[in-house]
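So the structure is just underneath, and the comments pick up after that.
The values are calculated or read from the model by the stated rules, or taken from the named source; none is laboratory data. Everything quoted here is computed from the prediction, not taken from an experiment. Methodologically, a virtual Cβ is constructed for each residue, glycine included, from the backbone with ideal geometry; neighbour enumeration extends over all protein chains shown. The protein model used for the area step is the full one, side chains on, heavy atoms only, and it has no ligands, DNA or RNA in it. Shrake-Rupley method; radii C 1.70, N 1.55, O 1.52, S 1.80 Å.
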Amino acid sequence: MRLTCLGGIGAGYATGLTFWIILIVSTFMLFKIEVIRRFKIFVIWVRPSLTSFKEQLAIGIPIGLSIFFEASIFSVVTLLIGTMFSTTIIAANQVVISFTSLIFMIPLSLSMALTIVVGFSVGGNRLDNAKHYSFIGVLSGLGVLILAAIFMFFNREWIASWYSTDPEVISFASSLFLMAILYQISDGAQAGLQGVLRGYKDVKVPFFIAFVSYWILGIPIGYSLARFTDLGPFGLWVGISIGLTGAAIGFLTRLRIIYRKQKEVVTNH
């Protein structure tokens, strides 16, 4: 049996097939799984509500823009590296981003789960439960990334060899993994904290925190270090680390303010 190598087109086919499978499985769950079926989604229709649309957009748009601000910094860094440095450095950078993005899916999933359980608890006025979920969720995300960081530190050359056979790419990617280890801890913290804040429906202030951290601090500092110092491409990764750390500190500060306001309300009652 002869196998045909499709290259990049094959990756497109695989992506398209994956999305179709997700659609089919989701549709099956919607109508066949009792926990979901009892809500009669797409079975009982209701009249559109402008008030509900406004409420969802007021929450959804800041969340979407915050995600854009975070995800785009990695794209911008890739573009800057592509215009400023050699193909070897470009390849090494892509190796590190590909692997760290794969690992980040775990704390990102925990962040989404935190939004659900915290929002459910806050809606039921179970504020202590919301705090407990927040604490456990954020620490779980950090714990996963700390373990991943240890794994990357001791196996960074081996991991790079999964993506390339070029010795120069492997060597440079191995060095970049050391920078990735630093920023991933902050990345896990800010993702978890942002998920908690969304559970409290607090999205406008985190939106501004994300914008300032990623685009006012992270990108300009990273570009300056890469362009005007001897750090080279490492400077861009330092900028990412500063941006993510700033976001984590900002989100934590905002969460503490929310907790303090809740405590004052409970005390007054």
Principal axes of the stretch 70-202: Cα extent on each, largest first, Å: 57, 30, 18
In Å², rounded to a whole number, the accessible area per residue of the chain with probe 1.4 Å is 61 Å²
Set K131/K204; K40/K261; K32/K261, cut-off 31 Å on Cα-Cα distance; pairs above it are K40/K261; K32/K261
What order do you get for 39-51, 231-243 when each peptide is scored by the mean count of other beta carbon atoms within 10 Å, highest first? 231-243, 39-51
What does the highest-first list of 63-69, 109-115 look like by mean Cβ count within 10 Å? 109-115, 63-69
For the stretch 64-112, the Debye formula with one identical point scatterer on each Cα and no solvent gives log10 I(q)/I(0) at q = 0.17, 0.31 Å⁻¹ as -0.59, -1.13
Heavy-atom accessible area of the stretch 22-72 with neighbours in place, 1.4 angstrom probe: carbon+sulfur share in percent works out to 74 percent
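Over all distinct Cα pairs, what is the inverse of the mean 1/r for the stretch 1-159, reported as the Kirkwood hydrodynamic radius in Å?
Roughly 20.4 Å, rounded to one decimal.
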Which of the helices in the chain meet the span-like rule: DSSP H, Cα axial reach of 20 Å or more, Kyte-Doolittle mean at least 0.0? 8-32, 50-84, 87-123, 127-163, 167-199, 233-268
Shape call, the stretch 1-81: gyration tensor on alpha carbons, a/c limit 1.5: oblate
Over all Cα pairs of the chain, the Kirkwood radius sets Rh, and Rg/Rh then becomes 1.03
Once the Cα atoms of the stretch 43-90 are picked out, what are the Rg and Dmax in Å? 19.7, 58
From Cα pairs below 8 angstrom and at least 6 apart in sequence, can you work out the relative contact order of the chain, rounded to a whole percent? 21 percent
Given a cut-off of under 8 Å on Cα pairs at least six residues apart, what relative contact order in percent is computed for the stretch 110-269? 25 percent
Here the relative contact order (percent) of the stretch 142-203, from C-alpha pairs under 8 Å and at least 6 apart, is 38 percent
What accessible surface, in Å², does a 1.4 Å probe find on E70, ignoring ligands, DNA and RNA and rounding to the nearest 10? 30 Å²
About its Cα centre, how strong a charge dipole does the chain have in debye, to the nearest 20, once Lys and Arg get +1 and Asp and Glu get -1 at the Cβ? 1240 debye
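Based only on Cα atoms, what mean projected area does the convex hull of the stretch 186-269 have, in nm²?
That works out to 5.6 nm².
Show me 77-86, 173-182, 25-34 ranked by packing, highest mean number of other Cβ atoms within 10 Å first. All intermediate terms of the calculation are to be shown ahead of the outcome.
Numbers: 77-86: 15.5, 173-182: 20.1, 25-34: 10.4.
Answer by packing, highest mean first, reads 173-182, 77-86, 25-34.
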